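Single-structure report; data block below.
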Amino acid sequence: MEQSVKGVVEVTIYKNEQSGFGIYRIVLFNSNQKPLTIKGPLFDLEKDAPYEFFGSYKEDSRYGMQFDVTHYQRMLPQHKDFIVRFLSGPNFPGIGEKTASALVDKYGESLLEDIRNDESMVMELKGVSKDRMAEVLRTIRTHDDLDNAVSFLLAHGLSNKQVIMVNKVFGERSIAVLRENPYRLVSEVDGIGFKTADKMASSLGFDFDHPYRIEAMVLDRYKNYVFSKGDSYILEQDFLDLFNQTGIDDAYQSLLSLGELVLDGDRLYHKTQYVAETYIANTMLDFEYGGTDFEMDDLDRKINRVEDQLKIEFDDQQKEAIERFFLEDVMVLTGGPGTGKSTLLSGIVTLLQSHTPWLQIAMCAPTGRAAKRLEELTNVQATTIHSMLSWDLEGNVFGRHEENPLECDVLIVDEFSMVDTWLFYNLLKASGRVKKFLFVGDKDQLPSVGPGFVLGDLIASQAISIITLERNYRQEAGSEVIDLAMGMKEGKLNLDAYSKDVSFFDAKYGSVKDVVLTVVDRALSLGYDLSEVQVLAPMYAGSSGIDNLNYFLQKMRNPWNIQKAEIQVGTRVFREGDKILQLKNQPDDFVFNGDIGELVEVSKNRMMVDYEGIYVEYESSEFINITHAYCMSVHKAQGSEYPIVVLVAVNDFYRMLSRRLYYTGATRSSKALILVGDASAFERAVHNQDESKRLTYLKERLVKESIV
């Protein structure tokens, strides 16, 4: 049975900005009981503000009696003491207790209700300016609008996290906007889809055939179909063919007139992809720095000094790359693993630091692990691209842009193959003060998860300076892993040719699961740490899939133990000591998609994970952001390296057996590669270079404009 309690927020115990989960202590109205602890989806409660909370009392084994909140609403304080505390709180700077008390004495204890009910009401008080009084009135009314919006959104089926996202976009206008057109959630709030908007619209009484609904359905179908394939656009006729039913013509034309969809020739874009693609092309072609900062006399001698300093020797192609870097404003450096990209980067950074110390260097990569490797290599602070751009998760907006640009002269981006069109667009928008760009990546790896094929298109266009490193030092040194990877790239595979760094275990002699367990156990018995051994597979389902392998690897390496706390989440059991994979960017917690950590603490509805010294706490609503990492997908491993990689291929994975994917998986190994599965599956993968070519037009835009 639902109960309610009324009180004033006294202390914030815990608050998670992303999930909206909070724990607070409140002082109850008309009660001499001690303060009560409340917890639940509590959207940014304010100290000294009064609320009514709905839910039920629950006894916690560690913390005693608490009140679990399901929803709540703000109340206006009606007793002088509470009104004074409210008006003299942090929301009203410049209004102290004395002024607040004088206001209540003059206007009475119905003051706040009068302000809410009378839009024309003004207040005057001797010693307080008219502007300050007007600000008090505005703040009270704004808070009312926001609180009403929260209650409205929760009442119409949105989760607390979705409420945060909506309020980031619409603020106090949420009720008015969504009452008029709830389907604006689809087009304007990133991360909320058609089903959520349709549920709200239904509760608001919108007809099934309402034009707003049809428009939202068409737009949602576009995004799901095109973006899931990694395409930047779809041919107009192909898109129209997706709809067998009639009646979308008006909706389609409306989306074009509103600019939600953009028709460029016969190519149909979502507005974000069209803006991003054209902006990238124009910026890359127009970018030119005419200063003298990078002019360097006697460069050969300075390169020799760097070679002595770093105890390395650049080959002729690497020296040419260094010279081109100082001559060109934009350069792409590409090459496979072992070709010296890292060595070259270290040399370039050392030259910059030694001879142009006045220049500010910024370095970034798409993932946290890749950024950490970049920092260790160059001794220059590196970060993820999202962190560099001050990304806001809920609003999916970047704090760095044209009006708040990056403060750097040289921008170096590593693992550039993982950068999608939208992210690159936002990076360029924030780079108005950058004088030189260097993009580094392997063109043969998997493309970005998001739409576009940026690195491939830049290289194919030849519109900017491209350096491809071809000499492979690790292969020359006898690395079987690199030899295998280079063969894969050329469509060749001989599993019998290796006996040192590469091994193959055929599944016909035992189940894939049993072989993987044996291989991992053997590696750990030789002294390798669990973090140094990574199992990779392309699919989650099936007996050889990621989920099943994670289950048995956990059972082997971190079995049930009475001394280890655990929690059941769906079909998974998370146990202290587990190897954990982060699935989404959480910039506020400094943890990013693909980061790996250790689960160090489990309590009721809460987990704590240690990401190499960064501790992140997860509430129950955030458990979907993590999974086990004993086995992970090749996509999630991209940008990382591990001493030992166990790569699985079986014929059940036929939809994912592609050359680019398995080349990427093989090159995650820095020391040893163990192939497990069906020989025919590995053969099929290596010979399959017919992955669906992504539909992008960036290359053509670059070529067309550069010719003109």
inquiry  = Quick check on the range 21-43: of everything there that is polar (S, T, N, Q) and modelled with pLDDT under 90, which residue is surrounded by the most Cβ atoms within 10 Å (Cβ to Cβ)?
reply    = 31
request  = Show the residue pairs that are 6+ apart or on different chains and have beta-carbon atoms under 6 Å apart, the first residue being within the range 392-404 and under 10 Å from residue 190 (Cβ atoms), the second being open to solvent by 40 Å² or more (accessible area, probe 1.4 Å).
outcome  = 394/168; 395/168; 396/190
ask   = Which pairs do you get when a residue that is open to solvent by less than 80 Å² (accessible area, probe 1.4 Å), found in the range 105-131, comes within reach of a residue that is part of a loop (DSSP other than H, G, I, E, B) and not aromatic (Phe, Trp, Tyr), reach meaning Cβ atoms under 7 angstrom, with the pair 6+ apart or on two chains?
value = 107/123; 112/76; 112/77; 113/76; 114/121; 115/121
remark   = Here the residues within the range 643-658 that are among the aromatic types (Phe, Trp, Tyr) and over 18 Å from residue 504 (Cα atoms) are 654
query = Name the residues in the range 498-517 that are without any contact (Cβ under 8 Å) to a residue 24 or more places away in the chain and either part of a helix (DSSP H, G or I) or under 36 Å from the mean Cα position of the chain (by Cα) (or both), would you?
reply = 509, 514
query = How many residues are in a strand (DSSP E or B) and open to solvent by less than 50 Å² (accessible area, probe 1.4 Å) when one looks only at the range 233-248?
reply = 2
ask   = Taking the range 531-574 as the region of interest, how many residues are open to solvent by less than 20 Å² (accessible area, probe 1.4 Å) and within 26 Å of the chain's Cα centre (by Cα)?
value = 11
key: All positions within the range 249-262 that are open to solvent by less than 70 Å² (accessible area, probe 1.4 Å) and either under 18 Å from residue 453 (Cβ atoms) or in contact with an Asp or Glu (Cβ under 9 Å, 6 or more places away or on another chain) (or both)   = 251, 252, 254, 255, 260
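Counting only residues that are touching a Gly at 6+ places or on another chain (Cβ under 8 Å) and farther than 25 Å from residue 483 by Cβ, give me the strands (runs of 3 or more DSSP E) lying completely in the range 585-672 with at least 1 of them.
Result: 596-603, 606-611, 614-619.
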message = Could you go through the range 223-232 and let me know if any residue there is of a type in the set (Gly, Ala, Ser), under 28 Å from the mean Cα position of the chain (by Cα) and either open to solvent by 70 Å² or more (accessible area, probe 1.4 Å) or more than 30 Å from residue 694 (Cβ to Cβ) (or both).
response = yes
query = Listed residues 495, 446, 458; which is part of a helix (DSSP H, G or I) and either in contact with a Lys or Arg (Cβ under 7 Å, 6 or more places away or on another chain) or of a type outside the set (Asp, Glu) (or both)?
reply = 458
remark   = Residue hits (the range 546-584; of a type in the set (A, V, I, L, M, F, W, C) and assigned to a strand (DSSP E or B)) are 567, 569, 573, 574, 580, 581
request  = Restricting attention to the range 320-367, report how many residues are aromatic (Phe, Trp, Tyr) and within 32 Å of the chain's Cα centre (by Cα).
outcome  = 1
message = For the range 587-599, which positions are on the phi < 0 side of the Ramachandran plot, surrounded by 20 or more Cβ atoms within 10 Å (Cβ to Cβ) and out of contact with any His (no Cβ under 8 Å at 6 or more places or on another chain)?
response = 589, 591, 593, 595, 596, 597, 599
query = Hey, does the range 480-487 have a residue that's in contact with a Pro (Cβ under 9 Å, 6 or more places away or on another chain), under 28 Å from residue 322 (Cα atoms) and not in a helix (DSSP H, G or I)?
reply = no
inquiry  = Checking the conditions here, which among 602, 634 is under 27 Å from residue 420 (Cα atoms) and either open to solvent by less than 10 Å² (accessible area, probe 1.4 Å) or more than 22 Å from the chain's Cα centre (by Cα) (or both)?
reply    = 634
task = Could you tell me whether any residue of the range 82-100 is modelled with pLDDT under 75, over 24 Å from residue 139 (Cβ atoms) and open to solvent by less than 80 Å² (accessible area, probe 1.4 Å)?
result = no
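Keeping to the range 346-370, report how many residues are assigned to a loop (DSSP other than H, G, I, E, B) and modelled with pLDDT of 90 or more.
Here the count works out to 6.
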request  = Considering only the range 261-337, give the helices (runs of 4 or more DSSP H) lying wholly within it that have at least 1 residues that are closer than 24 Å to residue 401 by Cβ.
outcome  = 271-286
message = Please count how many residues of the range 312-350 are of a type in the set (Lys, Arg) and in contact (Cβ under 8 Å) with a residue 40 or more places away in the chain.
response = 2
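The values are calculated or read from the model by the stated rules, or taken from the named source; none is laboratory data. On a predicted model such as this, the values are computed, not experimentally measured, just so you know. So basically every Cβ, Gly included, is an ideal-geometry build from the backbone, and we count neighbours across all protein chains shown. Side chains included, ligands, DNA and RNA excluded: accessible areas come from the protein's heavy atoms. Shrake-Rupley method; radii C 1.70, N 1.55, O 1.52, S 1.80 Å.
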